Amino acid sequence: MSMGVGLPTDPNPAPPRLSRSPGRRPGVGIVHLGLGAFFRAHGALYIAEAMRASGGDWGIVGICLKSPSTRDKLAPQDFAYTALELAPDGAHARTVEVIEDVLVAPENPAAVLARMAHPETRIVTLTVTEKGYCHEPSTGRLNLDHPDILHDLGEGPPLSAPGFLVRALQTRRAAGLRPFTVLTCDNLPENGRLVRGLILDMARVIDPALADWIATEGRFPSTMVDRIVPATKPEDLETATRLTGKLDAAPVMHEPFRQWVVEDDFVDDIRPDLDAAGATLVDDVTPYEHMKLRCLNGTHSALAYLGYLAGHETIAETVADPVFAHYVTRLWSEEILPVLTPPPGGDLAAYAEALFDRYRNPGIRHRTWQIAMDGSQKLPQRILGTLRENLAAGRSTPGLNLAVAAWMRYVGGVDETGQPIDVRDPLASHLRVTSDAETGTGKAKALLGVRAVFPADLAEALEPGILAAYDQLLTLGARRAVEDLGVDRAMCDLGADRAMENRP
Ligand code: CS2
């Protein structure tokens, strides 16, 4: 047998692992707390583009506050990753190279604090989700009974995002440095003002002089962030490899649309050139934020609870069902838009219409279950503000009442076919026990008594409508209860037409 031939070459060699291209790397100017998919598909792209347009040392050190898994996936590829834009007509990939390092807080909290307190760090951005602020959603105040806050008020390295912010600011003050700007990118109302209040609440307990310094010198611009970013699924890794020819353990998936509206109020006016990257810098973010939280996140949550109960797996699937297409259009036109003030130059009806198209994007598989998570932290800013304003205007809100009732049914933990629901919520066990009343309306009434979610006056005013809606849900099931809302066809032409177009 001849030995003169070489080993056969593999006809399908494994693609190489994604790596970072050589070249100058910027200095680190930003520390980001909570390195989830959303920031990597949104803020990180704006910052990369701002540096490309106008330079600056705005490299990012990402902080994983809990699990090391994102660091472990990104480190072997030198923190580069693929952002996949999923448009209705296909996917487009780009490689993002803006993260310089990732630290895992529980492994080395001192390194995290040192990075935050480093003189070159000028901004700390955050996406820690609603529950990461450890506040009471109904009041916006720091929850001083929260175990992580109780821990962080003592000595020793912090656990919570507010704890890291306060301790790092304390170190900067002691070192004679300027504070960093705290730039929150979570879906909370007046998010900058909220986080400022939480940090001051905590700092006052630790050292009143520190609190005074933060109050005078610190800056907490509010922001409105928008891009639909579903959790990355195993099959998405294959799509990324197919498009780029590289293996990437941590790609992110996103829709084409993006928006970032930021209050232009930074410590010493130092920030990346975000406008060059397409962000909108404003004096007051409130009208943008109300529009987005109530039109998008409010209907997202409504569709998530009702859609899940009706057996729909994703938002695109839910709005492809004509009953839900009518429902969401009706929510906008009759219950949400009438109590909103448009932002300067904004057109609310056009905004809602564009949202409908974003929801329908079949490339985005955004699970109802994912959006249903943490409802106790989301309902106040997404739905309850709209309910309160409609009550004040004497307008009825059958659609949003049904959404709140669906949340109540969902957190009860059993679906319409008797199967258990995997309810993820920091208050899950409390909600489950609270809803364990004998009768349906007894459950709904007990849940209206959860003060972390419903202020007493609002609960009282909402009670008749929510109990009736809950009863409807139990009697008819989610889909029929939605159908039964009594669709005003004239108002819902858009939903009807769109839903018909969408049918197979
Ligand atoms: C969603 C948001 O998961 C959720 O609760 O409503 O993540 C939503 O996709 C984004 O806010 C869109 O900007």
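Taken together, the values in this text are just the output of simple stated rules run on the coordinates, not laboratory data. Note that the coordinates shown come from a computational prediction; the quantities given were computed from them, not determined experimentally. All Cβ positions, even for glycine, are placed from backbone atoms using ideal geometry, and neighbour counts span all protein chains on display.
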Q. So if R0 is 41 Å, what FRET efficiency would E120 and T475 give, r being the distance between their Cβ atoms, rounded to the nearest 0.05?
A. 0.10
(Q) Using the Kirkwood radius over C-alpha pairs as Rh, can you work out the diffusion coefficient of the range 28-282 via Stokes-Einstein at 4 °C, viscosity 1.567 mPa s, in µm² per second? (A) 70
Q.
Highest mean first, how do 268-275, 193-200, 362-369 rank when packing is the count of other Cβ atoms within 10 Å averaged over residues?
A. 193-200, 362-369, 268-275
Q. Within the chain, which complete DSSP H helices have Cα atoms spanning at least 27 Å along the helix axis and a mean Kyte-Doolittle hydropathy of 0.0 or higher?
A. 456-476
Q) Which part of the range 382-413 falls in the paramagnetic zone of A456, meaning amide N under 18 Å from the point 7 Å along Cα-to-beta-carbon? A) none
Q) When the Debye formula is applied to the Cα atoms of the chain, each taken as the same point scatterer, what base-10 log of I(q)/I(0) results at q = 0.05, 0.12 Å⁻¹? A) -0.21, -1.14
Q | Label-point separation in nm, D415 to E217, each point 7 Å along Cα→Cβ | A | 5.4
Q: May I ask for the equivalent-ellipsoid semi-axes of the range 229-319, computed as the square root of five times each C-alpha gyration tensor eigenvalue and listed largest first in whole Å?
A: 31, 25, 9
Q. Sorted from fewest to most neighbouring beta carbons within 10 Å, what does the list E416, E289, E483 look like?
A. E416, E483, E289
**Q.** Nearest-0.05 FRET efficiency for A349 and R395, computed from C-beta distance (R0 22 Å)
**A.** 0.80
(Q) Testing the spin-label approximation: label points 7 Å from Cα along Cα→Cβ at E238 and T441. State their distance in nm. (A) 5.2
Q) If we count other beta carbons within 10 Å of each Cβ, what is the order of E49, E463, fewest first? A) E463, E49
Q: Can you give me the P(r) profile for the range 64-214? Cα pairs, bins 5 angstrom wide beginning at 0, each as a whole percent.
A: 2, 9, 16, 19, 20, 14, 9, 6, 3, 1, 1, 0
Q) When the distances between all Cα atoms of the range 152-213 are binned every 10 Å from zero, what whole-number percent does each bin get? A) 22, 55, 22, 1
Q | Rg/Rh (Cα only; Kirkwood hydrodynamic radius) as it applies to the range 341-410 | A | 1.01
**Q.** Hydrodynamic radius of the range 286-501 per Kirkwood, over alpha carbon pairs, in Å
**A.** 17.1
Q. Rounded to the nearest 5, what % of the DSSP beta bridges within the chain are antiparallel ones?
A. 35
Q. Highest mean first, what order results for 434-443, 245-254 on Cβ atoms within 10 Å?
A. 245-254, 434-443
Q | Gyration tensor over alpha-carbon atoms, the range 24-133, equivalent ellipsoid semi-axes in Å | A | 23, 18, 13
(Q) List the residues, sorted by chain then number, that are 5 or more residues from V282 or on another chain and whose placed amide H is less than 5 Å from its amide H. (A) V262, E263, D264
Q.
My understanding is that a pair violates if its Cα-Cα distance is over 25 Å; which of K233/K443; K66/K445; K246/K292; K73/K292; K292/K443; K131/K233 do that in this structure?
A. K233/K443; K66/K445; K246/K292; K73/K292; K292/K443
Q: Please give the calculated 222 nm ellipticity per residue for the chain, where each DSSP H segment of at least 4 residues contributes -39500 (n - 2.57) and the sum is spread over every residue; nearest 500 deg cm²/dmol?
A: -12500 deg cm²/dmol
Q | the range 263-283-the range 397-435 distance, computed between alpha-carbon centres (Å) | A | 40
